[in-house]
Amino acid sequence: MRKHLFIVLGTLFAVAALASLGFAGDYHTGATLQCQQCHVMHYSQTHGYNANGGGFTTPLGTSGPYHYLLRNDINDLCLSCHDGGGFAPDVFEANADGYVRQAGGLNDLASAGPYYPADGHTLNSTDAPPGYVGTWAGDPLNCVNCHAAHGGGFGTAADSYRNLGGYGTLVGSGLGIPYSSVTNVLTTWVFETANAGNTVNHYGQTAIIFNEPDQTASQYAEVCKACHTEFHGQVGSPEIGDEVDGFVRHPTETVNIGAVGGGGSSLTDFAAKTNQVQVMSKNGLAAGSYPDDLNEELTQSCMSCHKGHGNQNSFGLIYMSGNGTLTEEGDTGPGVNGGAPTYKDLCKQCHVQG
């Protein structure tokens, strides 16, 4: 009986591992994550997967069993690896990774600073997201609302950057962001210069390039739009407006820096800065090297002004003056007022007014 049980378990894990290979994703696919690290079949376990108690085992939560055979509440389970564990990206509050994280850090309802619930995405929050359209269900925000736990991104045909896309119940599946982690392929939306084997600056701000294979869209904005609906739309739409009648919300696609005269942005000012916020580049250029050339068609999107997870600034805004040392809050300045950079410095990355 015991022998047969091990055969059945081994078969189950092998089938699950093979199935996971069908998801072409960043991590959490194939050999990069084993089923038993997140799931437990009978919610009863006091040792590892051999007679000596060996094998990586995520501790069981204290209020289980949980839906989908999970070992813990979704957020607690994810943070058991992704909160300063040293072997997976640290995505919660203070940075233990040693590099400037492109997405910054999440907070939760209990966060008391320097990461506060107003400073980015707040785990377990039941508040409706700013700009949401429809009736908000009030379900707590969790990691799989934005990320696909098993790799890839639901509905995508290629690798999905950071497994964006998700399988969440709040707003549906969303879209993934096809990316390359070895060679920059300009038909993908993201290039990660640190490939999967380089953990020194993996997901670091200086290791990420945002391409723009479609000059009329932003795949990044499509993911954000799933919750922040009113903040997105084509130029001329009721959500955004246009340069003729006046924008009513900041565009997240289509409008290139410096392309609109008068009260618009200045590519000359933007290109002159040493530290530059991330924008989309049709030619695969990196922040810090964006030139004063309208033919580059540099386009801002959500990640130009906000950290995807958040930081120590309200709304996860990036206060970047263009001077000093890069930080997850922006840079060290000095800012336009002579002190630490503020939101005004962020606006003046591209705009000349004030």
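Assessment of the range 283-290 against the conditions (in a loop (DSSP other than H, G, I, E, B), under 24 Å from THR229 (Cα atoms), aliphatic (A, V, I, L, M) and touching a strand residue (DSSP E or B) at 6+ places or on another chain (Cβ under 8 Å)) yields no matching residue.
Check off (1) in a loop (DSSP other than H, G, I, E, B); (2) in contact with a helix residue (DSSP H, G or I) (Cβ under 8 Å, 6 or more places away or on another chain) for MET303 and give me the number that stays unchecked. Here MET303 clears every test but (1). Of the residues in the range 38-51, how many are at pLDDT 85 or above and either out of contact with any helix residue (DSSP H, G or I) (no Cβ under 9 Å at 6 or more places or on another chain) or over 22 Å from TYR161 (Cβ atoms) (or both)? Here the count works out to 7.
Residue-wise test of (1) free of Cβ contacts under 8 Å to residues at least 24 places away in the same chain; (2) among the small types (Gly, Ala, Ser).
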position: PRO238; (1), (2): yes, no
position: GLY246; (1), (2): yes, yes
position: ARG249; (1), (2): yes, no
position: MET280; (1), (2): no, no
position: TYR290; (1), (2): yes, no
position: GLN300; (1), (2): no, no
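Just one of (1) over 25 Å from LYS225 (Cβ atoms); (2) modelled with pLDDT of 95 or more; (3) not in a loop (DSSP other than H, G, I, E, B) fails for ASN295. It is (2). Taken together, LEU123, LEU170 contain a single residue that is out of contact with any Lys or Arg (no Cβ under 8 Å at 6 or more places or on another chain), under 21 Å from PHE92 (Cβ atoms) and at pLDDT 85 or above, which is LEU123.
Going by the conditions given, is SER125 under 22 Å from GLU329 (Cβ atoms), free of Cβ contacts under 8 Å to residues at least 40 places away in the same chain and buried (at least 19 other Cβ atoms within 10 Å of the Cβ)? First the steps, then the outcome.
Numbers: under 22 Å from GLU329 (Cβ atoms): yes; free of Cβ contacts under 8 Å to residues at least 40 places away in the same chain: yes; buried (at least 19 other Cβ atoms within 10 Å of the Cβ): no.
Judged against the criteria, SER125 is not a match.
Can you name every residue in the range 331-354 that is of a type in the set (A, V, I, L, M, F, W, C), assigned to a loop (DSSP other than H, G, I, E, B) and touching a residue at least 60 places away in the same chain (Cβ under 8 Å)? Across the range 331-354, the qualifying residues are CYS350, VAL352.
In the range 177-190, the residues that are surrounded by fewer than 16 Cβ atoms within 10 Å (Cβ to Cβ) form Cβ pairs under 8 Å with partners that are at pLDDT below 90 and assigned to a loop (DSSP other than H, G, I, E, B), at six or more places apart or across chains, as follows: VAL182/ASN195.
Select from the range 225-279 the residues that are part of a strand (DSSP E or B) and out of contact with any Cys (no Cβ under 8 Å at 6 or more places or on another chain) and list them in ascending order. Full working, then the answer.
From the range 225-279, those part of a strand (DSSP E or B) are 241-242, 246-247, 256, 265; that's our starting set.
Passing the criteria: GLY241, ASP242, GLY246, PHE247, ASN256.
Can you pull out the residues in the range 207-254 that are under 22 Å from SER181 (Cβ atoms) and among the β-branched types (Val, Ile, Thr)? Hits for the range 207-254 are ILE208, ILE209, VAL223. When ARG162 is tested against (1) touching a helix residue (DSSP H, G or I) at 6+ places or on another chain (Cβ under 6 Å); (2) at pLDDT below 90, just one condition goes unmet, and that condition is (1). Among the residues of the range 264-285, those that are at pLDDT 95 or above and among the polar types (S, T, N, Q) comprise THR274, ASN275, GLN276, GLN278, SER281, ASN283. For GLN278, state whether it is under 30 Å from THR183 (Cα atoms), among the polar types (S, T, N, Q) and over 21 Å from the mean Cα position of the chain (by Cα). No.
Tally up the residues in the range 76-97 that are surrounded by fewer than 15 Cβ atoms within 10 Å (Cβ to Cβ) and either among the charged types (D, E, K, R) or closer than 21 Å to GLY113 by Cα (or both), please.
Within the range 76-97, the first condition is being surrounded by fewer than 15 Cβ atoms within 10 Å (Cβ to Cβ), and the residues that meet it are 85-87, 94, 96.
Next, only the ones that are either among the charged types (D, E, K, R) or closer than 21 Å to GLY113 by Cα (or both) stay: 85, 94, 96.
Total meeting the criteria: 3.
So that you can scan it fast, the table gives a plain yes or no per residue for (1) surrounded by 16 or more Cβ atoms within 10 Å (Cβ to Cβ); (2) farther than 14 Å from GLN300 by Cα; (3) of a type in the set (Asp, Glu):
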residue	(1), (2), (3)
GLN219	yes, no, no
THR229	yes, yes, no
HIS232	yes, no, no
SER237	no, yes, no
PHE247	yes, yes, no
VAL255	yes, no, no
ALA259	no, no, no
GLY264	yes, no, no
LEU285	yes, no, no
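Taking the numbered list (1) closer than 25 Å to GLN312 by Cβ; (2) at pLDDT 95 or above in turn, ASN72 passes all entries but (1).
Can you confirm whether the range 315-333 contains a residue that is surrounded by fewer than 23 Cβ atoms within 10 Å (Cβ to Cβ), in contact with a Cys (Cβ under 9 Å, 6 or more places away or on another chain), under 24 Å from GLN234 (Cα atoms) and not hydroxyl-bearing (Ser, Thr, Tyr)? Yes; the residues of the range 315-333 include at least one that is surrounded by fewer than 23 Cβ atoms within 10 Å (Cβ to Cβ), in contact with a Cys (Cβ under 9 Å, 6 or more places away or on another chain), under 24 Å from GLN234 (Cα atoms) and not hydroxyl-bearing (Ser, Thr, Tyr). Pairs linking a residue in the range 80-94 that is part of a loop (DSSP other than H, G, I, E, B) to a residue that is at pLDDT below 95 and of a type in the set (Phe, Trp, Tyr), with Cβ atoms under 6 Å and 6 or more positions apart or on different chains, are PRO89/TYR203.
The values are calculated or read from the model by the stated rules, or taken from the named source; none is laboratory data. Just so we're clear, the structure is a prediction, and the values are computed from it rather than from any experiment. Every residue, glycine among them, receives a Cβ derived from its backbone with ideal geometry; neighbour counts consider all protein chains shown.
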